[in-house]
Amino acid sequence: MKTNLWMFGLPEKKPEQALKILSESGFTHLSLPRNNNLIKLALDYGFKVYVFCKTFGLENKFRRAEYLAEDIYGRKYIWFGSGCPNNLELRQKNLEWIEDTATQVDISGISLDGIRFSSPGSGIEAFFTCFCETCRRKAEDLGYDFEKMRGDLQRLYESFEKPKFLKYVSSAVEDPLMLLDFLTDFRGVVEWLSFRADCIAEHVRDARNLLKSIDPELELGAYIFTPSLSSLVGQDYRMLSLYLDVLQPMIYRLGKGVACYNHELAVLAEDLSRLTSLPLSNTLSLVYKLAGVSEFNPPLDLNKLKESGLPLEIVSKEALRAQQIALGKRVEPIIMLRDPQVEDATRKVLSAGCSGVNFFIYKEGFEDKIRKIGEVVRES
């Protein structure tokens, strides 16, 4: 079966030259913003085009407090330029954008970006959202105990200041009985994660049904967190597989922003160190255990983690895990094009049995990398 080769974005200058290089290198799919001229140009070169959107973005009139996510203490936050995923106006805005795009633009599909709640990479305070009144009503509708969720999450947050707490968490990671004790003690936190997943799946379902009502051939994809982190942000692969045609895990082993695996772990370790007053190396070791990556000997130096990223072997593990939990749906991960080991990372994704690979992001000067990726795929 032919491998689907995706590129996210095109350079602003000389896009036609970029399209020619991509076509010659065997690329088949493009993820683009809604730009009719750019899309038409890509179609002329024979590419399948998917348009991406920021699902809960706070553009224009929506950049007001009532649309923001709220934490356990009533403080409002913007994360990834987004607001509360349960806000009805933000959801409706996204559905209207999907309808308008699907009916007005000649494309093969739509990819949802930011289809989640806030992550640790936006800061632990922003991560501990959303507890606004809209989410209270949604929790009640879905049968969740809102006050239990908020109370246990607040208790967890305030436990970080207790010296013995992280030792307790560390033991729980390695001892099934301790883990069961932890989950029982903080069952409201587990419920909160489940609530997040139900809310995201609900909107993806609505997006899918709308898109298929317009044209059953149009596909719905989503850029979702790498499997080890996905449950933290409300992205349950099994649930999402019911509604997505293609899952696009962001297996960014290195990078400087939210969704990048190394960045998410680095920020979480820094925040835990700040709250607990423990050495950063201690919290970093704990975070690696929680993520299940300790076996790969990730760097214990924070600067090295931020600059060089996580070991390459993690790409294989995450791609395999995504395949296992995607209920047979296409899994076509997106990895960093700027990765100095991008060719080996591509091999890791393909060896996991994924039907395609996506790359973020095309910039001028990456032409040699693109050609070498094409060679790797042809040889696989």
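None of the figures in this text is laboratory data; all of them are computed from the coordinates on show. The shown structure was predicted, so the numbers you read here are calculated from the model rather than taken from an experiment. Here the Cβ is made from the backbone with ideal geometry for all residues, glycine too, and neighbour counts use every protein chain on show.
With both residues required to sit in the chain, DSSP beta bridges show an antiparallel share near 15%. Measure nothing but the geometry: give the 0 to 90° angle between the long axis through the Cα atoms of 146-159 and the longest principal axis through the Cα atoms of the chain, rounded to 10°. For 146-159 against the chain, the angle is about 80 degrees. Counting neighbouring Cβ atoms within 10 Å and putting the fewest first, the residues Leu254, Leu275 line up as Leu275, Leu254. Counted by neighbouring Cβ atoms within 10 Å, the residues Val190, Val377 run from fewest to most as Val190, Val377. Taking Cβ atoms as reference points and 15 Å as the exclusive limit, the residues near Glu70 contribute a net charge of +3, counting Lys and Arg as +1 and Asp and Glu as -1. Every Cα-Cα pair of the range 44-104 was included, and the share exceeding 15 Å stands at 56 percent.
Averaged over residues, the count of other Cβ atoms within 10 Å places the peptides 37-49, 86-98, 309-321 in the sequence 309-321, 86-98, 37-49, highest first. Checked against a 26 Å cut-off, the cross-linked pairs Lys61/Lys329; Lys93/Lys369; Lys289/Lys317; Lys76/Lys148; Lys13/Lys40; Lys2/Lys329 give Cα-Cα distances beyond that limit for Lys61/Lys329; Lys93/Lys369. When the chain is treated as a GNM with alpha-carbon contacts under 10 Å, the residue of Pro11, Pro249, Pro227 showing the greatest mean-square fluctuation is Pro11. Each Cα pair under 8 Å and six or more residues apart adds its separation to the average, and for the chain the resulting relative contact order is 18 percent.
Based on other C-beta atoms within 10 Å, arrange Glu24, Glu217 from fewest to most.
Least crowded to most crowded, the residues run Glu217, Glu24.
Near Val233: Cβ cut-off under 12 Å, other residues only, Lys/Arg at +1 and Asp/Glu at -1. The net charge is 0.
Based on C-alpha pairs under 8 angstrom that are at least 6 apart in sequence, the range 126-256 has a relative contact order of 20 percent. How large is the direction-averaged shadow of the alpha-carbon convex hull of the range 245-365, in nm²? So the mean shadow area of the Cα hull is 8.0 nm². In whole Å, what is the distance between the alpha-carbon centres of the range 256-276 and the range 325-342? Cα centroid of the range 256-276 versus Cα centroid of the range 325-342: 22 Å apart.
Ranking Thr283, Phe56, Tyr168 by how far each Cα lies toward the positive end of the dipole of the range 4-379 (charges on Cβ) leaves Thr283 at the top. The local environment of Pro299, defined by Cβ-Cβ distances under 11 Å, has a net charge of 0 under the rule Lys, Arg +1 and Asp, Glu -1.
Between the range 1-54 and the range 73-118, what's the alpha-carbon centroid distance in Å? Answer, in whole Å: 23.
Rounded to the nearest 500, the helix-only mean residue ellipticity at 222 nm of the chain stands at -15500 deg cm²/dmol, with each DSSP H run of n ≥ 4 adding -39,500 (n - 2.57).
Here the contact order of the range 3-89, divided by its residue count and restricted to Cα pairs under 8 Å and six or more residues apart, works out to 21 percent. Please work out how much length the chain gains when fully extended from Ser171 to Gln154, using 0.36 nm per residue of separation minus the C-alpha to C-alpha distance, in nm with one decimal. Working it through step by step, the gained length comes to 4.0 nm.
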